[in-house]
Every structure is written in C-alpha cells, then in structure tokens.
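Undergrad: Sharing a structure here in structure tokens format.
What follows is calculated from the coordinates using simple rules that are stated; it is not laboratory data. Since this is a predicted model, take the numbers as computed values, not measurements. Cβ atoms come from the backbone with ideal geometry, glycine included; neighbour counts cover every protein chain shown.
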Amino acid sequence: MLIGLIGKPNCGKSTFFKASTLANVEIGNRPFVTIAPHHGVGYVKIDCIDKEFGTQCNPRTGFCINHMRFVPVDLMDVAGLVEGASEGKGLGNQFLDDLRQADAFIQIIDVSGTTDSGGKEGKGDPVLDIKMLENELDLWYLGIFKKVWKTFSRSLQQNKENFAKAVAKQFSGLKVTEDHVKKTILQSGLNSEKAAQWTDVELKKFARSLRELTKPMIIAANKIDKPLARQNYDQLRADFPHRIIIPCSADSELALREAAKAGLINYVPGERDFKINHEKLNDKQKKALESIKENVLDIYTEGTGVQSILNSVVFSLLKYLAVFPAGASKLADSKGNVLPDCYLLPEGSTALDFAATIHTDFAKNFVKAIDARSKKALGKNYILKHRDAMEIVTK
C-alpha cells in the first residue's frame, strides 16, 4: 500500500516523513521546502508472535525490538497544498497528480495555529486548514468527473451504459473500482439511473463521497507541544467528531529516533518512555529530552503520535491484517531466518489470498494451509485473522 502525507505548506509533513523513515530529506521553516515527492519506508507496529513460540525472530524486512514487530509500509511526502490547488495554484497540479496511487492520506495540520494558509509564520486556523484541504480534494475528483460529464451523461442515456463500470473506468488512475462506485451510490443516496439529470450540487456530493471512500484520511494534529495547540486540538475534536484526529509532535519523534540511532538513548517507536545512556549525553541534550518527556510523552497516551498515526491508518482506517508465513513444524526459512516475513492483507482476505501474496505459484498449486499454532488444516476459503501464522502446502 501507499500512504500519502498531505497538508498545507510548512505544517510539518517533511518532519513527519523523516521521523517515520529516517530518510535524509530537507526540513525548513518556510513554504514549499518539498517540491518533488519523497518516497520512503515507514513501519507499523504489532505484537510479534515470536514470543508465543519462545523464540526471537530475525526479519528479512522490517525489524523487531523487544518482541514488537515493525512491518514496512510505503510513505510519500508531497508538496504543500494551498487553496486553489485544484485549479493549478501553487504546486497544485503536480501535488494532486502525485497522489493518484495513494491508498490513504495522513493530513498533517499545524494544530498550534502559528502558520497562515500559505504556510508562512503568522496566525492560522486548524479548522479552516482541514476544510480547505478536503474541499480541494473534492474539487480534484469533481474536475476529473466533469471533464467528460457531457459526453458521459449522453452515453448513459443513449446506450444505457453501466454507471459503476463507466465511472470506475474514468477514475481508474485513482484506483477506483466498480465496487467503490456502487458503495458511493448507496452511501450518498443518489439515483444512478438519473445521473444524466444530476445538478452541480449532486455531482459534487457524488465526487466527495467517492473521494472519502477511495482516499480515506486520518488527521495528524502536529506541533501539539506548542502554545495554544491543546486548545485548538479540543476544538477540532468538537468540530469533527467523526474523524480520527491524533495529537502529534513529529519534531519530538524525530529527535527520539535520531538519539536512539546514535546510541544516546534506548527508545522503541510508539512508547511513552525511553532510557538515557547518561555517560553519552551532554546537558543540552538531556534538557531537550526532558522537555519531550514533560511536554509530550507524559501527557499523551499516543506518545509522540507518529507511530500511533501510522498504525491507525493501516489497521483502523484501511482495516488491514498482519499475517505471518510460518511452518507447522519449524519457524525458520531455508536460510535459518526465524519468521522472516510478515504480510499486510485487506480485511476479509482468505488463505488463498495469502498464498497468492507470497507467490502466485502458491495460489495456483494450493492444497491447504496449516495453522502454525494449532496445527489445524485450513481450506482456501478460510478468512484470515490479525496475527495469524500459517504454512501454505502446495502440490
């Protein structure tokens, strides 16, 4: 999957991206620091199953700390979005085109309200930031739809063309499927049989519903440790009660991960504490870490929020499952790596889907799956559960 980091300029997207990936990207207190999109690997965090088997895994991809498994996901940081982006303002056209293949968005906002709508230092309004960005995304979808609407609606009337199939074809570049279109029609309450008579208001309603379904979004309330941030965060929760909004300090997470990488502290991403290696720290470093603990970790149950946000996107928003290939008699692969892999699959996936994820030949020659815990044989239609571990037997 691909997760896109979006937001207005200078809200902390690049800091969040670097904190998640430790990639070498430029961070600056000015708009449009990011021009070309950055791609990197972040990680979701789950309880590893190795502890249940009395062993220690050694992943081929990702890593494991204290029996916490970190599974890789693709992240993309794109240029900041300003009002009018759907019409090409700022870096709008490039920004939106970069986002076509994303499966979900993390909207990063400056919850402290210290940057204006263009990303310059000044007074901002986090509530308006959310509304602006969502409106631009809706107009993006609407623009794609309206480009062909006259021809499209005429074809629907004359040829009785299948609405869901025709719309999915028009939006195929955004990973829209026929099922997405059918669900959008049901959720929006619009009549697809009379689509040719839809008003501009109904067209926008359809575009918005389709966007919300195909590009689900979580909100990262960044810079939560700054003055007025908590007050603004509470206002966001009141104004957007049905959204997932998580307090976040990307700066703090980046500082902790870089300190851990340098061996100055022991820190597991997503935890609310760390252990200082006192002999390696100077007074300035100690003071900075104490500030993070006092102003972020001791206050918010999500810690710095970065790990919680990544996990929430994958497991709560997209509803994916983590599944381990594991032999019924041994957990290591032919090279001796214990539980080397962990795959992320959509909710509702079957044992056959899991086999295909590992290798297409496994699906073609599928005989059965074996649960590594219970040793029970499972058929191809077995519905996977989160943290399942199984062996695929082929003919």
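Undergrad: What is the calculated FRET efficiency for residue 165 to residue 358, with r their C-beta to C-beta distance and R₀ = 35 Å, to the nearest 0.05?
TA: With R0 = 35 Å, the Cβ-Cβ based efficiency is 0.65.
Undergrad: Which stretch or stretches of the range 52-67 have amide N atoms under 19 Å from the point lying 7 Å from residue 385's Cα along the Cα→Cβ direction?
TA: Correct set: 52-54.
Undergrad: Karplus couplings for the range 296-307 from phi (6.51 cos²θ - 1.76 cosθ + 1.60, θ = phi - 60°), rounded to Hz, Gly and Pro as x?
TA: Each residue of the range 296-307 in turn: 10, 5, 6, 9, 9, 5, 7, x, 6, x, 4, 5 Hz.
Undergrad: What's the extension gain from residue 74 to residue 1 if we count 0.36 nm per residue and subtract their Cα-Cα distance?
TA: Here the segment from residue 74 to residue 1 would lengthen by 25.6 nm.
Undergrad: Under 5 Å between amide H atoms, partner at least 5 residues away or on a different chain: which partners does residue 162 have, H built in plane at 1.01 Å?
TA: none
Undergrad: For labels at residue 298 and residue 335 in the simple 7 Å Cα→Cβ model, what's the distance in nm?
TA: 4.6
Undergrad: Going by average Cβ neighbours within 10 Å, how do the peptides 55-67, 204-216 rank, with the highest at the top?
TA: 204-216, 55-67
Undergrad: Given the options 226, 194, 146, state which has the largest fluctuation in a GNM of the chain using a 10 Å cut-off (strictly under) for Cα springs.
TA: Largest GNM mean-square fluctuation: 194.
Undergrad: Stretch residue 242-residue 58 to full length: gain in nm at 0.36 nm per residue minus the Cα-Cα span?
TA: Using 0.36 nm per residue and subtracting the Cα-Cα distance, I get 62.3 nm.
Undergrad: Which ³J(HN,Hα) values in Hz, rounded to whole numbers, follow from the phi angles of the range 262-270 under the Karplus curve 6.51 cos²θ - 1.76 cosθ + 1.60, where θ = phi - 60° and Gly and Pro get x?
TA: Those phi angles translate into 7, x, 7, 9, 9, 8, 9, x, x Hz.
Undergrad: Along Cα→Cβ, 7 Å out, is where each label goes; now give me the distance between the ones at residue 191 and residue 154 in nm to one decimal.
TA: Going by the 7 Å Cα→Cβ label model, 2.4 nm.
Undergrad: Excluding residue 209 itself, what net charge comes from residues whose Cβ is under 13 Å from its Cβ, given Lys and Arg +1 and Asp and Glu -1?
TA: With Lys, Arg at +1 and Asp, Glu at -1, the neighbours total +3.
Undergrad: Need one number: nm distance between label points at residue 266 and residue 123, each 7 Å from Cα along Cα→Cβ, rounded to one decimal.
TA: Distance between the two pseudo-spin positions: 4.9 nm.
Undergrad: So, one more: Between residue 182 and residue 23, what length comes free when the chain is fully extended (0.36 nm per residue of separation minus the Cα-Cα distance, one decimal in nm)?
TA: 53.3 nm
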